[in-house]
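In what follows, a structure is listed as structure tokens, so that the remarks can point back to it.
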Amino acid sequence: MSDFIDLVLLAMLALTGLRIIFLKDLFAVVMLFGIYSFLTALIFINLDAVDVAFTEAAVGAGISTVLMLGTLALTGREEKESSHSSILPLIVVFITGAALIYGTLDMEPFGNPDNPIHKHVAPRYIEDSPKEIGLPNMVTSVLASYRGFDTLGEVVVVFAALIAVLSLLGVPKEGQQKAPASGLKSHQVLRVVAKLIISPIILFALYVQFHGDFGPGGGFQAGVIAAAALILYALVFGLPNAVAVIGPRFLKFMAAAGVLLYASVGFFSMYKGGNFLDYNKLAADPVAGQHYGILIIELGVGITVFAVMLSIYYAFGNQVERSNIQ
Amino acid sequence: MNFILDHYNYWIVVFLMMTGFYIVITANNLVKKIVGLNVFQTSVFILYISEAKVSGGTAPIVTEGATLYSNPLPHVLILTAIVVGVAVTAVGLALIVRIKRAYGTVEENEFKKMDDAI
Amino acid sequence: MLEQHLAALPILLPLIAAPITLVLGRSSFSWAFATLISACACLFAWQLLALALTNGAISYEVGGWPPPWGIELRVDAANAFVLLAVSALSTLVLLYSKDSIEKEIEPSKHTLYYTAHLLCFAGLSGILLTGDAFNLFVFLEISSLATYTMVSLASDRRCLIAAFRYLVMGTIGATFILIGVGLLYMSTGTLNMLDLANRIDIAESGRTINTGLAFIMVGVSIKLALFPLHMWLPSAYTYAPSAVTAFLASTATKVAVYVMIRFIFTVFGLDHVFGSMGMDLILMVLAIVAIFKCSYKATVQSDVKTVLAYSSVAQIGYMILGISLVSATGLMAGLIHIFNHALMKGALFMAVGAVFYRVGSVDISAFRGLGKQMPLTMAAFTIAGLSIIGVPLTVGFVSKWYLVTAALEQNQWVLAALVLGGSLLAVIYIGRVLEAAYFQQRPESEKTIEIKEVPWLMLAPMWVLVLANIYFGVDTSLTTEAASSAAEWLFQNNEMPLGNQAGAE
């Protein structure tokens, strides 16, 4: 049954992908990408990757699509006919694809538990991490502890994206006079609904943040969800109002603080005589140490991701408002 | 026949990757290029997650009665890769906004003519 | 305590300093802070190289988890040597940046520039030191994102297109590496590079592994701008701010060359890549075409930054040529050239940036008569240019010497001749600039503008590099010792046990 669902979803993905190639209406292209991303999230659930599905839905179908739509608002929605030939790209793609198909010929059967991939490193994560780390969610254990250095890198990548967007687009000024056209304030229904759901979203973000040890979720997803709540606020009540709630300068501090919080756990374990990010050294009992370590670094991740996602939205939103005024 | 059943998943994923790759190379509009990059990367994520699947297994969260779990490591790697992907997307789109402001167009063949760029 | 964590510090220092720099806000504070951090990292890199030369490889288990379960940093003579070059260049470029950036980037973005520089430096250090294939991808993306930012900071609008093109190409390259790593992980069950080397089983899943190899090689080739995947490089180098070009040209592509070396020698093994896959021949042909085609292109450009950018692609050809010779001497020549080319190109791009600082243009016509008006800058350009050509008593000569020796060892006379032929083209493109600077007069219309020498903070780092060009050209003991022991070490195909804690005591 699960294989059948998998096949159907993959076929739908293939159709979506092909449609994107030929469409010239960019709004439709972006919407199809959102669908593509959602279908991917469904496949991830079907393949037992719940954490990844959660993130893909929040990021691919959520943040990426919103940013793409924001860009389209500034650049126009029609793709023009291109003049260059499409033979050479087709050959390149064909060769690359053929190489990959050739590579699959020696692959072990899909889903077989005896595949080498499941044999060498992974068994320790599955068998020992509940004892060594003390968390039921193995993905969180591997993400935050065994491969905590990757996750630090990931937070820094997000931070680097902030630097790039700030330098390219700048941020809205605080205390700007309120643009009359800003937001969807005239829509009474939207205002009421938004007011009703913003606080539950933030509550949900906190739940995802602190429940990631036990179920799917964690700092990254929580940060994105919390940012989504404020993005909703900005959409309905206008960017200047959102900026008045949390200003871009404060977000910049938050983004830096999250990275530093994460790293400070590493430095503290160095101070305690361990290696960088060795949470075992944080408390007398190694498992308790792991627990503290993961709690704090996930918080660092959540803070940085929230601040960066919101800042990036501010930067794009500000551009859109500026072009609306002109 | 068995061989096809064991591998069809990978082949479709390869097809998806190449769809994305083709869009990146051929798209004339820069926003579409970024969409293509995203399709390309998302498909690579499916490859990783397919690798992690164990038939008859369950999500890698300790549950009573479960004996087989799917491999958590590819999940972790892809979580990281998704975040990297959105970071690159945001930067790419920000560049597009600036290109539009500087050139008035985001079609590759149009701004190519405007500067004697190399 | 410092000794124990020495392997991690060159990554961690700039990584942590970047958010602090952003918070500092003031341009001059962030400049001083970034330079200080970079200098400290350089000091640690120096100690790390000394330690690696005496004790052999150093392993650092991040998080206290033994590899292959945790992420391992692995330092040996080869990557410590490249790291030293990268951190030294980072420090010098930061010193140089202060005045140069003030001229070329608007004041509100100075802090962002220094933050991006530190992020890029941290990413490059991470790529060099990590022993984990996926961790490498993460650091690659940190450095790449920072690079796109820095390229797009210039005031010329063409830098935006250059940065966008670089972003698309770079992301395709990174995704190819991701596919390759996925295929390797699939057939071995591990991500640790040394562990991968032990577990790669060609007989069992050769087709998957060879495809993984191919994807990683293509992905890395995009990053190192190997011909014909170099299209992003000339425009990115031409339109980026001068200080950024000086940093990128002397570090980013070199780090990618090292990644290629590491995958060939440590992960896949020489016998497989060059023996059964025949990759050496492909690399050699591409390297030779790169040397001639791009050197030729360099001779016909009018923008001096573009000239030097094409020259960079050609010089990368020399490095790849050294690797493709499949001998200890060839590899050593490649490694030495990584270090030496950083010294030459760093100095050359700094000199060009100095010209831009005073004249406001880097077209070859803008160099007319500068030999008299900016004597120190042009002297620096001349010496570094002679080094590119490969004149004796400069580092360029040392590189060429070992490359020719390696070719002659295998009786490849034609190849040796081709290496020398490439130098002739370098004579032309460097000569054109020198001719304009020393033998042409400034046009009458521009004589009214007085052109002075640049501030000493720009001249000093430039001349440090120029003197290094001469010093390491005369006294080759440090570079050859480090490079030869690195090459030998890579060639023994290191059958070292995992998690070797040498140097941690």
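Values for this structure:
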quantity: Set A:126, A:101, A:91, A:95: member being open to solvent by 50 Å² or more (accessible area, probe 1.4 Å), away from chain C (no Cβ under 11 Å) and at pLDDT 85 or above; calculated: A:91
quantity: Test: residue in the stretch C:98-118 that is among the β-branched types (Val, Ile, Thr) and closer than 28 Å to residue C:60 by Cα; calculated: yes
quantity: Index of the failed condition, residue C:187 passing every other in (1) part of a helix (DSSP H, G or I); (2) under 22 Å from residue C:57 (Cβ atoms); calculated: (2)
quantity: Test: residue A:272 is open to solvent by 10 Å² or more (accessible area, probe 1.4 Å) and closer than 30 Å to residue A:321 by Cβ; calculated: no
quantity: Residue in the stretch C:335-345 that is surrounded by fewer than 23 Cβ atoms within 10 Å (Cβ to Cβ) and either of a type outside the set (S, T, N, Q) or outside any loop (DSSP other than H, G, I, E, B) (or both) present; calculated: no
quantity: Verdict on residue C:379 being at pLDDT 90 or above, assigned to a helix (DSSP H, G or I), open to solvent by 10 Å² or more (accessible area, probe 1.4 Å) and of a type in the set (Gly, Ala, Ser); calculated: yes
quantity: Complete set of residues in the stretch A:66-110 that are farther than 17 Å from residue B:24 by Cα and of a type in the set (Val, Ile, Thr); calculated: A:66, A:71, A:75, A:101, A:104
quantity: Check on residue A:5, assigned to a helix (DSSP H, G or I), away from chain C (no Cβ under 14 Å) and out of contact with any Ser or Thr (no Cβ under 9 Å at 6 or more places or on another chain); calculated: yes
quantity: Unmet requirement for residue C:226, which otherwise passes all of (1) open to solvent by less than 10 Å² (accessible area, probe 1.4 Å); (2) assigned to a loop (DSSP other than H, G, I, E, B); (3) over 17 Å from residue C:248 (Cα atoms); calculated: (3)
quantity: Qualifying residues in the stretch C:5-24 (those that are surrounded by 21 or more Cβ atoms within 10 Å (Cβ to Cβ) and of a type outside the set (A, V, I, L, M, F, W, C)) - the one farthest from the other protein chains (Cβ to nearest Cβ); calculated: C:10
quantity: Residue in the stretch A:26-34 that is open to solvent by less than 50 Å² (accessible area, probe 1.4 Å), over 17 Å from residue A:220 (Cβ atoms) and more than 9 Å from every other protein chain (Cβ to nearest Cβ) present; calculated: yes
quantity: Number of the condition not met by residue C:265 [criteria: (1) farther than 26 Å from residue C:193 by Cα; (2) assigned to a helix (DSSP H, G or I); (3) not acidic (Asp, Glu)]; calculated: (1)
quantity: Qualifying position, being within 14 Å of chain C (Cβ to nearest Cβ), surrounded by 18 or more Cβ atoms within 10 Å (Cβ to Cβ) and part of a helix (DSSP H, G or I), among A:223, A:293; calculated: A:293
quantity: Residues (within 25 Å of residue A:114 (Cβ to Cβ) and either away from chain A (no Cβ under 11 Å) or touching a strand residue (DSSP E or B) at 6+ places or on another chain (Cβ under 9 Å) (or both)) located in the stretch C:159-192; calculated: C:181, C:191, C:192
quantity: Some residue of the stretch C:169-178 being in contact with a Gly (Cβ under 6 Å, 6 or more places away or on another chain), without any contact (Cβ under 8 Å) to a residue 24 or more places away in the chain and among the hydrophobic types (A, V, I, L, M, F, W, C); calculated: no
quantity: Selection from the stretch C:298-312 of residues that are of a type in the set (Gly, Ala, Ser) and crowded, with 23+ Cβ neighbours inside 10 Å; calculated: C:298, C:309, C:311, C:312
quantity: Single condition residue C:140 does not satisfy, out of (1) open to solvent by less than 10 Å² (accessible area, probe 1.4 Å); (2) more than 8 Å from chain A (Cβ to nearest Cβ); (3) under 20 Å from the mean Cα position of the chain (by Cα); (4) of a type outside the set (Gly, Ala, Ser); calculated: (1)
quantity: Residues located in the stretch A:242-280, provided they are over 26 Å from residue C:58 (Cβ atoms), facing chain C (nearest Cβ under 10 Å) and more than 21 Å from the chain's Cα centre (by Cα); calculated: A:249
quantity: Within the stretch A:129-162, considering residues that are open to solvent by 10 Å² or more (accessible area, probe 1.4 Å) and part of a loop (DSSP other than H, G, I, E, B), the one nearest to the other protein chains (Cβ to nearest Cβ); calculated: A:136
quantity: Helices (runs of 4 or more DSSP H) enclosed by the stretch B:1-113 - at least 2 residues per element that are of a type in the set (Lys, Arg) and within 7 Å of chain A (Cβ to nearest Cβ); calculated: B:72-103
quantity: Among residues of the stretch A:40-72, those that are more than 7 Å from chain B (Cβ to nearest Cβ) and touching a Phe, Trp or Tyr at 6+ places or on another chain (Cβ under 6 Å), counted; calculated: 3
quantity: Those residues of the stretch A:232-243 which are in a helix (DSSP H, G or I) and more than 27 Å from residue C:18 (Cα to Cα), in sequence order; calculated: A:232, A:233, A:234, A:235, A:236, A:237, A:239, A:240, A:241, A:242
quantity: Residue C:64, sole failed condition from (1) surrounded by fewer than 24 Cβ atoms within 10 Å (Cβ to Cβ); (2) part of a helix (DSSP H, G or I); (3) at the interface with another protein chain (Cβ under 9 Å from one of its Cβ atoms); calculated: (2)
quantity: Selected residue [among the β-branched types (Val, Ile, Thr), farther than 27 Å from residue C:5 by Cβ and within 14 Å of chain C (Cβ to nearest Cβ)] from A:320, A:236, A:308; calculated: A:308
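Matching residues to (1) within 14 Å of another protein chain (Cβ to nearest Cβ); (2) within 20 Å of the chain's Cα centre (by Cα); (3) in a loop (DSSP other than H, G, I, E, B); (4) buried (at least 24 other Cβ atoms within 10 Å of the Cβ):
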| site | (1), (2), (3), (4) |
| --- | --- |
| C:28 | no, no, no, no |
| C:36 | no, no, no, no |
| C:52 | no, no, no, yes |
| C:59 | yes, no, no, no |
| C:97 | no, yes, no, yes |
| C:113 | yes, yes, no, yes |
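The values are calculated or read from the model by the stated rules, or taken from the named source; none is laboratory data. These numbers were taken from a predicted model, which means no experiment stands behind them. Every residue, glycine among them, receives a Cβ derived from its backbone with ideal geometry; neighbour counts consider all protein chains shown. These area figures cover heavy atoms from the full protein model, side chains too; ligands, DNA and RNA do not enter into them. Shrake-Rupley method; radii C 1.70, N 1.55, O 1.52, S 1.80 Å.
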